[in-house]
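Asks: The following block contains the structure, expressed as structure tokens.
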């Protein structure tokens, strides 16, 4: 039997595309929803976005914008959104349909900044980046690696792992559904807009420069 997992990332306090993605997931019979971080930043609807994620049962992790947002807040003045962000782990592990999935915002084991960037400005795969990350992830233990951060949309086998970035709901106008055990990914457009495979190219690329020692992820309860 096929298991469907809804994937979103980099929602950046912008409510409408998150609401649309969740409606798509409900319509498509998604069992589990995962968000790869950066719930805060850019947008102005953080409270409503967090409330929607909580109500949906979405499992989320911390992103760099979430951390930066919290660093400028007094914990004594935390509201519901701030308490939610402070509760998020840096990584998350999930098992379904005989497959395992590891979710981190940027790259394993728990980086919030060293993103997996595979595409050029036009959304075309860069061979050098693809081969470098394939080598680094050659011995990665999980079947699926879910990341965000770079505002790029891809689902590529790197090493022995399928690496997925569903893109930013508000900037790439995308969400995705992962089908297990088939390891099939469907990228879906949001807002009636053409998906942008690569957004914010002005952000300095972070090239892989080290082997990642895998750490134990935070498993769901």
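Asks: Identify the single condition in (1) exposed (fewer than 14 other Cβ atoms within 10 Å of the Cβ); (2) at pLDDT below 95; (3) in contact with a helix residue (DSSP H, G or I) (Cβ under 9 Å, 6 or more places away or on another chain) that residue 73 does not satisfy, given that it satisfies every other one.
Replies: Checking residue 73 against (1) exposed (fewer than 14 other Cβ atoms within 10 Å of the Cβ); (2) at pLDDT below 95; (3) in contact with a helix residue (DSSP H, G or I) (Cβ under 9 Å, 6 or more places away or on another chain), the one that fails is (1).
Asks: I'd like the full set of residues that are in a loop (DSSP other than H, G, I, E, B), surrounded by fewer than 21 Cβ atoms within 10 Å (Cβ to Cβ) and at negative phi, limited to the stretch 105-135.
Replies: If the condition is that a residue be in a loop (DSSP other than H, G, I, E, B), surrounded by fewer than 21 Cβ atoms within 10 Å (Cβ to Cβ) and at negative phi, then 109, 110, 113, 114, 120, 121, 122, 124, 126 are the ones that fit.
Asks: Okay, next question. Let me spell it out: the conditions are (1) surrounded by fewer than 23 Cβ atoms within 10 Å (Cβ to Cβ); (2) over 16 Å from residue 175 (Cβ atoms); (3) free of Cβ contacts under 8 Å to residues at least 40 places away in the same chain, and residue 22 meets all of them except one. Which number is the exception?
Replies: The failed condition is (2).
Asks: A further question on this structure: Restricted to the stretch 174-197, and to residues that are touching a strand residue (DSSP E or B) at 6+ places or on another chain (Cβ under 7 Å) and assigned to a loop (DSSP other than H, G, I, E, B), which residue is surrounded by the fewest Cβ atoms within 10 Å (Cβ to Cβ)?
Replies: Ranking the candidates gives 181 first.
Asks: In the stretch 142-160, what residues are free of Cβ contacts under 8 Å to residues at least 60 places away in the same chain and either part of a loop (DSSP other than H, G, I, E, B) or out of contact with any helix residue (DSSP H, G or I) (no Cβ under 9 Å at 6 or more places or on another chain) (or both)?
Replies: To start, the set of residues in the stretch 142-160 that are free of Cβ contacts under 8 Å to residues at least 60 places away in the same chain comprises 142-145, 150, 152-160.
142, 143, 144, 145, 150, 152, 153, 154, 155, 159, 160 - these are the residues of the stretch 142-160 that are free of Cβ contacts under 8 Å to residues at least 60 places away in the same chain and either part of a loop (DSSP other than H, G, I, E, B) or out of contact with any helix residue (DSSP H, G or I) (no Cβ under 9 Å at 6 or more places or on another chain) (or both).
Asks: Does the stretch 49-70 hold any residues that are more than 17 Å from residue 10 (Cβ to Cβ) and either outside any helix (DSSP H, G or I) or touching a helix residue (DSSP H, G or I) at 6+ places or on another chain (Cβ under 8 Å) (or both), and which are they? Spell out how you get there, then give the answer.
Replies: Just the residues of the stretch 49-70 that are more than 17 Å from residue 10 (Cβ to Cβ), to begin with: 51, 54-55, 57.
Listed by number, the residues that qualify are 51, 54, 57.
Asks: Okay, next question. Can you report the number of residues in the stretch 161-173 which are within 11 Å of the chain's Cα centre (by Cα) and either farther than 23 Å from residue 4 by Cα or not in a loop (DSSP other than H, G, I, E, B) (or both)?
Replies: Narrowing the stretch 161-173 to residues within 11 Å of the chain's Cα centre (by Cα): 163-169.
Now restrict to residues that are either farther than 23 Å from residue 4 by Cα or not in a loop (DSSP other than H, G, I, E, B) (or both): 163-166, 168.
Looking only at that region, the number is 5.
Asks: With the structure loaded, tell me whether residue 37 is touching a residue at least 40 places away in the same chain (Cβ under 8 Å), outside any helix (DSSP H, G or I), closer than 16 Å to residue 93 by Cα and out of contact with any strand residue (DSSP E or B) (no Cβ under 6 Å at 6 or more places or on another chain) or whether it fails that test.
Replies: Yes, satisfied.
Asks: Next up: Residues of the stretch 85-104 being farther than 24 Å from residue 180 by Cβ and in a loop (DSSP other than H, G, I, E, B), which ones?
Replies: Applying the first criterion (farther than 24 Å from residue 180 by Cβ) to the stretch 85-104 yields 85-87.
Across the stretch 85-104, the qualifying residue is only 87.
Asks: Looking at the stretch 164-173, is at least one residue more than 19 Å from residue 61 (Cα to Cα), surrounded by fewer than 18 Cβ atoms within 10 Å (Cβ to Cβ) and in contact with a strand residue (DSSP E or B) (Cβ under 6 Å, 6 or more places away or on another chain)?
Replies: The answer is no; no qualifying residue exists.
The values are calculated or read from the model by the stated rules, or taken from the named source; none is laboratory data. Keep in mind the model is a prediction, meaning the values are calculated, not measured. Cβ coordinates were reconstructed from backbone atoms using ideal geometry, including for glycine residues, and neighbour counts include every protein chain displayed.
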